[in-house]
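Scroll down for the structure; my scribbles are underneath it.
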Amino acid sequence: MLTLLLLIFISSAGASHGGGPVPTFREAPQYRNGAECRSGATIHIAMALDTTTTYLRGSIAAVHSILHHAACPENLEFHFLTTHRAGHPHQSLLRSTLRSTFPFLHFQLLHFPSAPVRPLISSPSAPPSTTPSTTPASTSPTSSPSLPRVLYLDSDLLLVDDVSLLFSIPLHPHVLAAPEYCHANFSSYFTRAFWRRYNSTSPPPPPPPPHLNPSKLNSHSSPRRRRRRPCYFNTGVMVIDLVKWREGGYTGKLEGWMRMQKRVRIYELGSLPPFLLVFGGDVKGVEHRWNQHGLGGDNVEGLCRDLHPGPVSLLHWSGKGKPWLRLDAGRPCPLDRLWAPYDLLRRDGMSGCWFCRIREGLAEHADITGRCDLGGLFTLYTRRRRRRDSINGVLFNKVSCFRCT
C-alpha cells in the first residue's frame, strides 16, 4: 500500500509484545452491499495487527464495528501492518485468523520493516502510552501499491457510524485530516532543551516550528505561518492524501525530527511530537464526533471517563484502560459495555453474543438503556442527562442492533 505506511506501526524496543497463545475468534456476520452501493468506490483503511499482543482482540472488534455500520461494507479494503514477513508462521496465523473471522473481508497483510525505524528510536524504554497499535511513526516501506488516500485507525476504537463519511471528507489543500484540539499546553510535550534550542540564534535542522510557540511569532513571519494555530491533533484517527504526502516528502521530514530526538532529547510522550512539529496548525480539522477520545482514562491509572458532550460517531479508548481488559477483570467502566457487542473472542462454554447477558448492567448506567425485542435484536438508546447537557437526544439512534442468542 502506500509509500507511506507511514505512520502506522512502531516496533520499538520498548513496545510490549505479550506472549501466550493467540486468541481465536467467532465468525462475524456476513455484511453485504445494498443496491445503492457503487462498485469501484473503494475505501482504504490501514490498521496495525500483531499476533503477539492483546491488541489483536481490539483490532478484530474495531473491524467488526466498521463493517457493521458501513453503508457499503463490500467496498472496504483493509491494509493490516505487521512486523512479520510473508511466509512467517505468525503472518500465516494472522491471515488464517482474519479469513476465519471475516470470510468476506477484502484485506492485505503488509510487512512493516522495523529495521529502518529502530535506529530512530531514542530510548530503550518506551513511554506507557507507546504500544504497537497506538503509536504511529514514520516509515519508508520498500514496496507498496500507489493509493490516493487512506484512513488510518488505532485498534482501541469503535465506529458507530458509516466509515465512508469520515473517509470522504474534503482535504484540499491539506495533506491530512484529524480531530484537532487547540487548547493544549505544548510546554509539556517538549523538553527544556527543545525550547532553549529554538529560542537561540543558531537555527537547527529542520527549521523551527513557530506554530508551537505563538509568543515567538513576529511581523516578519509569513502570513501563512501567522495563521497556523498551535493545535494538538489525534494521530489515531487520520485521513491522509498519499499523493501530497509523497510529493511533499513528509516521511523524510518526520524522520528528520526523530533523528534529532536521537541526538538530543527534545520531546516527550511517544511519537506524537514529530507530527506536531511537521503538521501542527496545518491540519484539516475533523468533527470531534469522529473521536470521542480518552475513554481509556489517563496513562497512569486508566480511570473511567464519560462521553464528551455532543454526537458520537467513533469511540476511542485512548489512555491506559482498554475495555477488553477491564471487562475480563470484572471491573468495566460503564462505557466499556458499548465495546462488548463487537467482541468476537471465542470463549469456552459461551456462544453467540454475550452482550445480551449484560443488558441489565447497561440499564444501570445513567445515560444508556437497552432492550431485546421479541425477535432477539438488542437496541441501544440514550436518555437526556440535563436539558443543557444532552447528547443530541438519542445518541446512537438505534443503530447498534445485535442478534441475541
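Throughout, read-outs are computed from the coordinates displayed, never taken from laboratory work. Because the structure is a prediction, the values reported are computed rather than measured. FYI the Cβ positions are ideal-geometry reconstructions off the backbone, even for glycines, and counts take in every protein chain you see.
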Fill in the blank from the handout: Residues Ile45, Ile60 in order from fewest to most other beta-carbon atoms within 10 Å are Ile45, Ile60
Completion exercise
Per-residue Cβ contact counts at 10 Å, fewest first, order Arg346, Arg95 as Arg346, Arg95
Problem - Additional length obtainable on full extension of the chain from Ser146 to Ser100, 0.36 nm per residue less Cα span - result: 13.7 nm
Exercise for the section: Going by C-beta contacts inside 10 Å, put Val264, Val160 in order with the fewest on the left. Expected result: Val264, Val160
Fill in the blank from the handout: Any residue on another chain or 5+ positions along whose placed amide H is under 5 Å from the amide H of Val22 is listed here as none
Handout entry: Among 242-255, 308-321, the order from most to least packed when residues are scored by Cβ within 10 Å on average
Key = 308-321, 242-255
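Expected output is a single nm value to one decimal: the length gained when fully extending between Arg263 and His90, i.e. 0.36 nm times separation in residues minus the C-alpha distance. What is it? It would help to have the intermediate numbers written out before the result.
Values: separation 173, 0.36 × 173 = 62.28 nm, distance 3.45 nm.
Fully extending the segment from Arg263 to His90 adds 58.8 nm.
Based on the Cβ-Cβ distance of Thr24 and Lys320, what FRET efficiency does E = 1/(1 + (r/R0)^6) give at R0 = 25 Å, to the nearest 0.05?
Numbers: r = 26 Å, r/R0 = 1.05.
The computed FRET efficiency comes out at 0.40.
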Problem - Karplus (6.51, -1.76, 1.60) ³J(HN,Hα), θ = phi - 60°, over the stretch 95-100, in Hz, Gly and Pro reported as x - result: 4, 5, 5, 5, 5, 6
Exercise for the section: Rank by packing, highest mean first: peptides 102-110, 174-182, with packing defined as the count of other Cβ atoms within 10 Å averaged across residues. Expected result: 174-182, 102-110
